[in-house]
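So the structure is just underneath, and the comments pick up after that.
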Amino acid sequence: MKILVTGGAGYIGSHTVIELQAVGHEVVVVDNLVNADLVSLKRVERITGKAVPFVEADIRDREAMEQVCQTYCFDCCIHFAGFKAVGESVLQPWKYYDNNITGTLVLLDVLGKSGCKNLIFSSSAAVYGEPETIPVTETCPRGRCANPYARSKSIQEQIMMDMQKADPEWNIVLLRYFNPIGAHRSGMIGEDPKGIPNNLMPYITQVAVGKLEKLSIFGDDYDTVDGTGVRDYIHVVDLAKGHVKVLDSIAGQCGLEIFNLGTGVGYSVLDVVRGFEKANNVKILYEIKERRAGDIAVCYSDPGKAERMLGWKAEYGLEDMCRDSWNWQKRNPNGFTD
Ligand code: NAD
Ligand code: UDP
C-alpha cells in the first residue's frame, strides 16, 4: 500500500516507518520537523536500506497537503502529527487546539477530496480521563480529560466519528496508545525530547547518562501496590507493529474501529526504576515528591480486542523496554544532535 505518514520523523512515527517498509509498504513522510530531527529518517534509511521519501510541510498547509496527495495518490494515511506535551498544553491551549485540531481538519478534508478515505489515527489512553473501570476496555466512555492535550485527542476522535457517520466510505481506526517507551534494538533511533523530559522513561535515561541528577517520583501515597502511580508501558516497536496489523487485518473495510494498544500489565514507577536498574546494572537516584497535578493513580489496558480482531499482542516485556531505552540513550547522550 502507498501510505502517507504524518509526523513520521517523530518518535513513534519513525519506528512505524521501519515496520511498514519491512513488509513492503511504500511510505511517504510529511513532517514540519517542529519536534523532530531529519537525522531520525536518515537513520531509518540505514536500518531498512530503503529510501524514505520525505516532504517538509505543516499538515495545516492545505496547498502543500493537496500537492502531496495529488503527487502520490495514497491508499491510506497514518496520522501521527501533533503536539503531545501535557504541561505545555495547559500553558498554551490555543497552540494545541490549533495544531492538533486544525491540522486534523485540514488533513481529513484534503485526504477525502483526494479519494483516500483510509485513516489510522494516533489517539491516547488520555481520552479515558480517570477510567471508570480497570483494566480499561474500548467500551469505557471517554472521560473528563485532565488537560487540553487529552481534550484535543478526544475532540479529534469525535470529529472522525462524525465524519465517518456522515460519509460511510471512510474507514477509520482510532488507536489509543498507553505509555510507549523503549527504542529500536539497533539503538539508532529513539525518543529525543526537547528540553527536560516530562515523561518517566526519558527522565530515567537522562539520570542514568548523567544529564539529570535525580528522578522526582510524583507521589508515593496512591492506592497502589507501593504508593506510586501505575501505568501500562508498551515497547514502541510493539506499538509500531500494531499499525501494520491494522493495515493487514481491516484495511478496505469501511467503518470505524477503536483499539487499545497496551500490554495489559500495570507497573508502578518504582517497578520501572527497579526494572531499569536490574536490566542495565545502573543506579537511578530518586526522591519522592508531591503528586503531579492531573495525574491518576492507575491506568492499564485490556488489549484483548486488538488480539481478537487484529491478531496483535505486545511481545516485549519491561526488561526489553528498559534495555532498549538505555541502549538508545547511552549511544546518543544528546539524542539526534550527536
Ligand atoms: P513526536 O513529537 O515525536 O512526533 C510527532 C511528529 O509530528 C513530530 O515529528 C513533529 O515534528 C510532527 N508534527 C507536529 N505538528 C505537526 C504539523 N502541524 N505538521 C507536520 N508535522 C507535525 O510524538 P510521538 O511520541 O511520536 O507521538 C506521535 C503521536 O502519538 C502524537 O499524535 C501523540 O499525541 C500520540 N501519542 C503519543 C504518546 C506518547 O507517549 N509518545 C502517547 C499517546 C499518543
Ligand atoms: N512520573 C514520575 N516522575 C517523572 C515523570 C513521571 O514519577 O519525572 C510518574 C507519573 O506521575 C506517572 C508515571 O510516572 O505515574 C508515568 O508518567 P508519564 O508522564 O511518563 O506518562 P502519563 O501516564 O502521565 O502520560
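Here's a check for you: in segment 105-130, which residue that is open to solvent by 20 Å² or more (accessible area, probe 1.4 Å) and assigned to a loop (DSSP other than H, G, I, E, B) is farthest from ligand 1 (Cβ to nearest atom)?
So the residue we want is 115.
Select from segment 26-67 the residues that are open to solvent by less than 30 Å² (accessible area, probe 1.4 Å) and in a loop (DSSP other than H, G, I, E, B) and write down the one among them that is farthest from ligand 1 (Cβ to nearest atom).
Only one residue tops the list, namely 52.
Could you list, in sequence order, all residues of segment 76-104 that are open to solvent by 70 Å² or more (accessible area, probe 1.4 Å), more than 10 Å from ligand 1 (Cβ to nearest atom) and not in a helix (DSSP H, G or I)?
Looking only at segment 76-104, we keep the residues that are open to solvent by 70 Å² or more (accessible area, probe 1.4 Å), and these are 84, 90-92, 94.
From the residues that got through so far, the ones that are more than 10 Å from ligand 1 (Cβ to nearest atom) too are 90-92, 94.
Selection gives 92 alone.
Is it fair to say residue 185 is charged (D, E, K, R), more than 30 Å from residue 115 (Cα to Cα) and within 16 Å of ligand 1 (Cβ to nearest atom)?
Values: charged (D, E, K, R): yes; more than 30 Å from residue 115 (Cα to Cα): yes; within 16 Å of ligand 1 (Cβ to nearest atom): no.
So residue 185 fails the test.
Could you tell me whether residue 158 is more than 12 Å from ligand 2 (Cβ to nearest atom), assigned to a helix (DSSP H, G or I) and free of Cβ contacts under 8 Å to residues at least 24 places away in the same chain? Explain how you work it out, then say what you get.
Working: more than 12 Å from ligand 2 (Cβ to nearest atom): yes; assigned to a helix (DSSP H, G or I): yes; free of Cβ contacts under 8 Å to residues at least 24 places away in the same chain: yes.
It is true that residue 158 is more than 12 Å from ligand 2 (Cβ to nearest atom), assigned to a helix (DSSP H, G or I) and free of Cβ contacts under 8 Å to residues at least 24 places away in the same chain.
Give the residue that is most open to solvent (accessible area, probe 1.4 Å), with candidates limited to residues of segment 290-306 that are farther than 30 Å from residue 249 by Cα and away from ligand 1 (no atom under 16 Å from the Cβ). Write out each step before concluding.
Residues of segment 290-306 farther than 30 Å from residue 249 by Cα: 290-298.
Pick out the ones that are also away from ligand 1 (no atom under 16 Å from the Cβ) and you get 290-291, 293, 297-298.
Values: 290: 153, 291: 117, 293: 101, 297: 25, 298: 38 Å².
If we take residues in segment 290-306 being farther than 30 Å from residue 249 by Cα and away from ligand 1 (no atom under 16 Å from the Cβ), then 290 is most open to solvent (accessible area, probe 1.4 Å).
I'd like the full set of residues that are more than 16 Å from ligand 2 (Cβ to nearest atom) and surrounded by 24 or more Cβ atoms within 10 Å (Cβ to Cβ), limited to segment 181-191.
Taking segment 181-191 as the starting set, the residues that turn out to be more than 16 Å from ligand 2 (Cβ to nearest atom) are 184-189.
Hit for segment 181-191 is 189, nothing else.
Hey, residue 287 hits all of (1) open to solvent by less than 20 Å² (accessible area, probe 1.4 Å); (2) more than 16 Å from ligand 1 (Cβ to nearest atom) but one; which does it fall short on?
(1)
Any chance you could count how many residues in segment 307-316 are among the small types (Gly, Ala, Ser), buried (at least 17 other Cβ atoms within 10 Å of the Cβ) and away from ligand 1 (no atom under 16 Å from the Cβ)? Talk me through it step by step, then tell me what you get.
From segment 307-316, those among the small types (Gly, Ala, Ser) are 311, 314; that's our starting set.
From what is left, the residues that are buried (at least 17 other Cβ atoms within 10 Å of the Cβ) are 314.
Then drop every residue that is not away from ligand 1 (no atom under 16 Å from the Cβ), which leaves none.
Number of matching residues: 0.
Given (1) assigned to a loop (DSSP other than H, G, I, E, B); (2) open to solvent by less than 10 Å² (accessible area, probe 1.4 Å); (3) within 15 Å of ligand 2 (Cβ to nearest atom), identify the lone condition not met by residue 152.
The failed condition is (1).
Residue-by-condition table, conditions (1) of a type outside the set (S, T, N, Q); (2) open to solvent by less than 30 Å² (accessible area, probe 1.4 Å):
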position: 179; (1), (2): no, no
position: 195; (1), (2): yes, no
position: 216; (1), (2): no, yes
position: 220; (1), (2): yes, no
position: 258; (1), (2): yes, yes
position: 271; (1), (2): yes, no
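Suppose we filter 274, 292, 308 for residues that are farther than 16 Å from residue 183 by Cβ and not in a helix (DSSP H, G or I); which single one remains? Before you say what the answer is, go through the steps one by one.
Details: 274 fails: not in a helix (DSSP H, G or I); 308 fails: not in a helix (DSSP H, G or I).
Answer to the check: 292.
Do we find that residue 1 is surrounded by fewer than 21 Cβ atoms within 10 Å (Cβ to Cβ), among the aliphatic types (A, V, I, L, M) and more than 25 Å from residue 181 (Cα to Cα) in this structure? Let's see the steps before the verdict.
Working: surrounded by fewer than 21 Cβ atoms within 10 Å (Cβ to Cβ): yes; among the aliphatic types (A, V, I, L, M): yes; more than 25 Å from residue 181 (Cα to Cα): yes.
Answer is yes for this residue.
The values are calculated or read from the model by the stated rules, or taken from the named source; none is laboratory data. Keep in mind that what you see is a predicted model, and the values were worked out from it rather than measured. Note that each Cβ is placed from the backbone with ideal geometry, even for glycine, and that neighbours are counted across all protein chains shown. The protein model used for the area step is the full one, side chains on, heavy atoms only, and it has no ligands, DNA or RNA in it. Shrake-Rupley method; radii C 1.70, N 1.55, O 1.52, S 1.80 Å.
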